[in-house]
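Here is the structure we will look at.
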Amino acid sequence: METNKKPIYPESRELLKGKAIVITAAAGSGIGFATAKRCAEEGAKVLLSDTHENRLSDSVASLQRKNFDVSGMTCDVTKENEVQDLLNYAVQEFGTVDVMINNAGLGGQSDLINMTDEEWEKVLDVTLNGTMRCTRAALRHMIPIRKGAVVNNASVVGWRAQKGQCHYAAAKAGVMALTRCAAMEAADAGVRVNAVAPSFASHPFLEKVSDPVLLEELEAKEPFGRGAQPWEIANIIIFLASDLSGYMTGECVSASSQHP
């Protein structure tokens with residue numbers, strides 16, 4: 001069986017038609033932008049957010065040229081006031097927020113014995129605390145109106161051990177636990193909270209900052225013999241954001257067979 005053949009980009013099925021969606025860390029070339037594009041293709045109104053103003057403007061403009069209903073707003077998820085401003089702006093512009101997609105995260109490579117408190121705290125603050133702040137802000141809007149969905153971006157390293165990833169793995173395991181517990185708190189209101197756990201997604205930024213040998217090793221371990229395209233992870237997020245997953249909550253969907 002051929003495993004590493006080029007995947008086929010999906011056609012729109014209007015799975016998110018009319019939904020208002022906010023996505024963090026959505027600028028550039030990674031999972032966030034791919035998710036924003038797929039959401040727009042599926043009929044959603046999308047607010048892209050990122051800390052990089054110029055890159056965000058370019059990303060928004062590229063989608064607007066395709067006549068998608070998208071806008072952008074800068075937001076640093078480590079700052080509570082900016083998270084509040086983001087949700088308030090979305091509600092003001094859209095009237096509501098149907099889906100909050102928490103994609104913002106920060107990684108790095110450092111053995112624990114050499115890791116500084118600052119390195120640990122920075123990764124935890126963006127990846128775990130940022131997801132908590134955005135989930136909390138979204139639920140404060142969704143629970144009173146008794147509708148909505150939150151989708152968090154976790155990682156398979158939240159389950160499996162990997163050298164040099166103590167801070168990132170701890171943060172992503174925390175995102176998984178946050179997802180499960182928040183889902184139980186929101187269930188009575190009919191609000192869903194789920195997560196996706198990608199294994200390895202290939203994109204230019206990752207290739208720029210990573211050791212090529214390490215990337216080859218990671219790809220070789222994947223079931224299909226290649227890393228996922230960012231839009232393949234986005235497809236799972238689309239499912240979790242859509243009404244097709246209406247009976248799912250508190251779940252973390254692995255985007256790899258390497259689940260323990």
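The values are calculated or read from the model by the stated rules, or taken from the named source; none is laboratory data. Note that the coordinates shown come from a computational prediction; the quantities given were computed from them, not determined experimentally. When we count neighbours, we look across all protein chains shown, and the Cβ atoms used for this are built from the backbone with ideal geometry, even at glycine.
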For Val83, which of the numbered conditions (1) in a helix (DSSP H, G or I); (2) of a type in the set (A, V, I, L, M, F, W, C); (3) within 23 Å of Ile236 (Cα to Cα) fails to hold?
(3)
Taking Gly43 as meeting all but one of (1) on the phi > 0 side of the Ramachandran plot; (2) free of Cβ contacts under 8 Å to residues at least 12 places away in the same chain, write down the number of the exception.
(2)
Residue count for segment 122-134, restricted to those that are surrounded by 24 or more Cβ atoms within 10 Å (Cβ to Cβ) and either polar (S, T, N, Q) or over 16 Å from Asn103 (Cβ atoms) (or both):
2
Answer residue from segment 188-205, given it is at pLDDT 80 or above and not hydrophobic (A, V, I, L, M, F, W, C) and is nearest to Gln162 (Cα to Cα) among those
Ser199
Only residues that are surrounded by 22 or more Cβ atoms within 10 Å (Cβ to Cβ) and either small (Gly, Ala, Ser) or assigned to a strand (DSSP E or B) (or both): list them for segment 31-44, please.
Gly32, Ala34, Ala36, Ala40, Ala44
Close pairs from segment 64-85: first under 19 Å from His52 (Cβ atoms), partner crowded, with 16+ Cβ neighbours inside 10 Å and of a type in the set (Phe, Trp, Tyr), Cβ under 8 Å, at least 6 apart:
Met73/Tyr89
Condition (residue is crowded, with 24+ Cβ neighbours inside 10 Å, under 17 Å from the mean Cα position of the chain (by Cα), outside any helix (DSSP H, G or I) and not hydroxyl-bearing (Ser, Thr, Tyr)) applied to segment 153-169: is it met by at least one residue?
yes
A careful count of residues in segment 206-233 that are in a helix (DSSP H, G or I), at pLDDT 80 or above and touching a Phe, Trp or Tyr at 6+ places or on another chain (Cβ under 9 Å) gives 2
Of all residues in segment 94-118, count the ones that are assigned to a helix (DSSP H, G or I) and either loosely packed, with under 14 Cβ neighbours inside 10 Å or at pLDDT below 95 (or both).
5
Within segment 7-19, does at least one residue satisfy the condition of being crowded, with 16+ Cβ neighbours inside 10 Å and within 13 Å of the chain's Cα centre (by Cα)?
no
Does Met132 count as under 16 Å from the mean Cα position of the chain (by Cα) and of a type outside the set (Gly, Ala, Ser)?
yes
